[in-house]
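In what follows, a single structure is set out as structure tokens and then discussed.
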Ligand SMILES: Nc1ncnc2c1ncn2[C@@H]1O[C@H](COP(=O)(O)OP(=O)(O)OP(=O)(O)O)[C@@H](O)[C@H]1O
Ligand SMILES: [Mg+2]
């Protein structure tokens, strides 16, 4: 479905991604893990079209997308839940969701809203509340819900659980699994290495702009390097 092939991405003279390749297959749940500054957000931004690789290619359902603008990539079915949520704080929950649906028609929006409110009943309850006054967990739910408004077939989530308490994190992981069960592929960037790998079909470890390890979720969890450096066991 998604094929990132040997991309190199720069910020000015600084090379943030060095020959990065990764794939996400249909209905797969893939985790991208790695330390701060490794290039995880850069990878998601490049797939979304917010950054352009100077070489390499990205294809989605066999269409080359690496020169497409972000809105066109979104329209093809790639959704991004950005790091830091980036909600419209002065708009209500409902208005934030409508902003996420900018490419869709009225009837499609109604159907999608129904699905989203089923997934996140709390958002239905609070649909007229300003997004900036939601709790951290509710804001993260809204950020995911907003990305779902475009009915993506691939959902990329950047640092979903940052700053949230463990109970909420496991609740969000369960919701991500439900989204995957609806047939949406997932590419998730996570600090919670163990939880992310447990729920993933495959994982990639990125360090200093390169993929240094890849395998099934189980293989990654058993890797001595990951256990020592990332799990502390
Ligand atoms: N706009 C920018 N201008 C210059 N350098 C940048 C910019 N954004 C990121 N970088 C650099 O690129 C590298 C990769 O950053 P990136 O945000 O992709 O890392 P990350 O893996 O998402 O880290 P974190 O886990 O802290 O979110 C870092 O060295 C960072 O300082
Ligand atoms: Mg990041």
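We did not get these values from a lab; they are worked out from the coordinates using the rules stated. Bear in mind that the values here come from a model prediction, so they are computed numbers and not experimental data. Counting neighbours? That spans all protein chains shown, and the Cβs are built from the backbone with ideal geometry, glycine included.
In the chain, helical runs assigned H by DSSP with n ≥ 4 each contribute -39500 (n - 2.57); averaged across all residues and rounded to the nearest 500, the mean residue ellipticity at 222 nm is -10500 deg cm²/dmol. Here 134, 197 are placed in order of increasing Cβ neighbour count within 10 Å, fewest first, which gives 134, 197. Whole Å is fine, so just give me how far the alpha carbon centre of segment 133-191 lies from that of segment 87-118. About 16 Å separates the Cα centre of segment 133-191 from the one of segment 87-118. Here the chain carries DSSP beta bridges of which approximately 55% are antiparallel, counting only pairs with both residues inside. Normalising the average separation of contacting C-alpha pairs (under 8 angstrom, six or more residues apart) by the number of residues puts the relative contact order of the chain at 27 percent.
Decide, for segment 111-181, between rounded, prolate and oblate: order the square roots of the alpha carbon gyration tensor eigenvalues as a ≥ b ≥ c, take rounded if a/c falls under 1.5, and otherwise choose prolate if a/b is larger than b/c, else oblate. Oblate is the answer for segment 111-181, as a/c is 1.5 or above yet b/c matches or exceeds a/b.
Taking Cα atoms only, the orientation of helix 136-148 departs from the longest principal axis of the chain by about 90 degrees.
The order of 204, 94, 11, going from fewest to most other C-beta atoms within 10 Å of their C-beta, is 11, 94, 204. Residues 125, 214, ranked from the fewest to the most other C-beta atoms within 10 Å, line up as 125, 214.
A straight chain from residue 91 to residue 71 at 0.36 nm per residue would run longer than the Cα-Cα distance by 5.1 nm.
Among 39, 209, 56, the largest mean-square fluctuation in a Gaussian network model of the chain, built with springs joining Cα atoms closer than 10 Å, belongs to 56.
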